[in-house]
1. Whole number in Å², please: accessible area per residue of the range 372-438, 1.4 Å probe, ligands, DNA and RNA not counted.
2. Starting at the first residue of the range 454-471, write each ³J(HN,Hα) from the Karplus equation 6.51 cos²θ - 1.76 cosθ + 1.60 with θ = phi - 60°, in whole Hz, x for Gly and Pro.
3. May I ask you to rank Cys152, Cys96, Cys136 by accessible area, largest first, using a 1.4 Å probe over the protein chains only?
4. What FRET efficiency, computed as 1/(1 + (r/R0)^6) with R0 = 35 Å and r the Cβ-Cβ distance, is obtained for Leu72 and Leu174, rounded to the nearest 0.05?
5. Normalising by the residue count of the range 513-566, find the relative contact order in percent from Cα pairs under 8 Å and 6+ residues apart.
6. Quick one: pull the percent of accessible area on the range 286-382 belonging to carbon and sulfur, 1.4 Å probe, ligands and nucleic acids left out.
7. Sort 349-360, 110-121 for me by packing, meaning the mean count of neighbouring Cβ atoms within 10 Å per residue, highest on top.
8. Filter Lys114/Lys389; Lys114/Lys302; Lys249/Lys302; Lys389/Lys459; Lys249/Lys540 down to the pairs with a C-alpha to C-alpha distance above 19 Å, please.
Amino acid sequence: MASQATVPTPLASTSTVMNTDSGRLLVSPPQNSETAPPRRYQELLSRVLDGGIAVGIAVVAQLLMAGIQGVLNVNSNKVEFPPSVVAMAAIFGLFCACGCIFPGAEDFYRNHLKRPADLLNRHMSIGFTIPFLMICKGSLTDVWVIGPIIGCFVLTGLFNTVLSYVLALPLQCLMVRWDSGSWSSSDIEKGSPTTEKERQNPKLRSPVKSVCDSMDTEDFSLGVPPPESMTPDSKASPTHPLSFSTSTKLWCLANPMLLLMWTLTLTIGLPLRVCLALDTPLSTLLLFALWLSTLAIQSSLKTSPYLRPFARTLLSGLFNAVFWTSLTMAAYLLLDGHLSSRPLQAMLTTLESHNPFSSALLNSFSVPLTAGDVALSILNAGLVSWGLKLYEYRLQLLSRAGLTVFTVSSLIALGNVSCGPLLAHTMGVAPQGRALAFAARSVTLALGNPVLDTLSADKSLNAAMVVISGIVYQMSLGLGVGRFLEKHLVNIGGRDDHTNDTTTTITTSKGENDPRTVAAGVAVGINAAAMGTAYLYETKSEAAPYSALSMMALGIMTVVFSTIGPLVSWVLGSVGA
C-alpha cells in the first residue's frame, strides 16, 4: 500500500519524520522545541485532511467500479474483466484528457490528490491479509504435498525474475539507442519537463534513479537531518527532555488512527461479540488495529537509532505487515473458535464472503460485509487510485520504455499461462487446482481472480504465492541484493564510467528511461505484484511506475490469454483436469 504520502519534513531540530499515514506511527517525540505541539497540531490537521480525501477517493472508486460492474453484467457471455482495472484506465484517461484541456490539472493533482492517493496506496496491501490467511483451508501439512509446491514456486520465481530482467535490459538498450525519427526528439521520451535543465545542471537530478540504488541498506533515514544540513541555529539550540505528559500528548498526536482503532475494538467490537455474538465488527476493527500496529512497529524498526543499518533492514523486512497481521488474525480465530466451540474452518468463513463494497452496492447489501470484504474493497480502491499514479508518471510510461514493459510482460504472461501449470503438474503438484494456480503465479489478486475462476484454480495458494513473493522481494531489495547483482553481474565487462563508449553510457547512465531502471521495475512488477510496487513507491524509486505498468500489463495479458479457448483447453488437458 507501496506510495507513501509525506507531509513537509519538520525543522532540523526535531528527531522524527512525520508521515501522513500510519506507516510511521511509533515515533519518538521531539526533544528540544517548545513550539513542537503547535506544529504537531498542524500536522495532525493536515493528516486528517489527507485521510478524508483518501476516503473520498476510495468511495468514488467503489461507485465507479459498481457502475462498471453493472455494465459488464449486462452481457454475462462476455469475458469477465476486473472492474478495478477498467476504472483505473478510466481515471488515467480522464486525467490525461483534463491535463490537455486544463493547464492547471497537474498542479491540482500534486497539491490536493497526490498525498491522499499515496496514503491509499500505502494501506492497500491490507487486502492481502485475509486471502493469505485462507491458505489454512487447505491441507498443506504433508511434506509430499507442500514439497513440490515449494520447489515449483522457487523454480518459477527464479526463472521469471531472470527472464524478465534479461529480456527487458537489452530490449530497452535497443530502444535507447534507436534515436531516429520523432521518438528521439519527443517531449514524452525526455521523461519530464525538467530533463533538459537537469542535463545542464546535474545537481537538479534526483539522487534515486534506479531501484537498486534506492535500496541501499544505508538509505534508511533515522528522522534526524545530517549534520551538514543543519543550520547554525539548530546546532546551537540546546536539547531539553520533555515531561511525561507532553511526550504522551505528542505520541497521541502522532498516532491518532492507531489509538482510535484499538479504542473502537475494545469499546464496540468486543462488547458486540460478547453480548450479541456478532463476529464482523470485532474482526474488522481488530484487523485494522493489528494492521496499523504492525506498520507502526515495522516503521519503528526502520528508523530506530539503536540498531545497525543491516539489523534495521533485516528486522523491518522480516516484520512484514501482511504476514504478521495474517498471523495475529489466525491466533484470534483460534482463540475465538476455542471459546465459542467452533472449528477453524467455520471461523474462516466469518472473515470472507467475496462481497466487496462495489458488489454489495449492486446487490443492495443483501449479503453482509465481512472483514475480508472491507480489506478487499481497500485493495480494489488502491488499484483504481493507481490511475492517478500512472497520470503522475505518464511521460515515462508513454515512451519507448512503456513499449519495453508491455512486450516483456506479455511474453511472461504467455509463458506462465501455457507452461506454469504444466511444470507444476510435472513436479508433482496436486490436485489439479493447485497446479493451475501457477498460471497466475504472481498476478495481483484483483487481476488474477478472473483467471483463477476460468481455470478453477486454488485462490488461497495463489494469494500465498503473491504475498510470499512480495515479502521475499521486499527483504531482498532492502538487504541490497538488487544492488549487489547489478554491480557484479549487470556491469561485468563494463568500462570505466568516464569512457565515451556509447554502450557503456547507456548502461551506466541514470534516468527515467535508463535500461537498468526499466528492467528492475519490470522484474519487480512481474514477480512481486502490488506489494513490490507499493514498496517501490514507498522508497520513491523511479522504477516504481514501470513496476506498476508491468504488474498491470502482466495481469491484463494473463486475463486475455486465459480467454483463448484452444490455449485453455490445452492447459487443462496437460494437467489432467
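The values are calculated or read from the model by the stated rules, or taken from the named source; none is laboratory data. Worth saying up front: this structure is predicted, and the values here are computed from it rather than measured. When we count neighbours, we look across all protein chains shown, and the Cβ atoms used for this are built from the backbone with ideal geometry, even at glycine. Surface accessibility is based on the protein's heavy atoms, side chains included, excluding ligands, DNA and RNA. Shrake-Rupley method; radii C 1.70, N 1.55, O 1.52, S 1.80 Å.
1. Values: 1810 Å² over 67 residues.
Normalised by residue count, the accessible surface of the range 372-438 is 27 Å².
2. For the range 454-471, the Karplus-derived couplings read 5, 8, 6, 8, 7, 6, 5, 5, 4, 4, 5, 5, 5, 5, 5, 4, x, 5 Hz, x marking Gly and Pro.
3. Details: Cys152 0, Cys96 35, Cys136 55 Å².
Ranked from most to least accessible, the order is Cys136, Cys96, Cys152.
4. Values: r = 38 Å, r/R0 = 1.10.
Efficiency for this residue pair is about 0.35.
5. Value for the range 513-566: 38 percent.
6. 72
7. Working: 349-360: 19.9, 110-121: 21.8.
In decreasing order of mean packing, 349-360, 110-121 become 110-121, 349-360.
8. On the way: Lys114/Lys389 8 Å; Lys114/Lys302 24 Å; Lys249/Lys302 23 Å; Lys389/Lys459 28 Å; Lys249/Lys540 31 Å.
Over 19 Å Cα-Cα: Lys114/Lys302; Lys249/Lys302; Lys389/Lys459; Lys249/Lys540.
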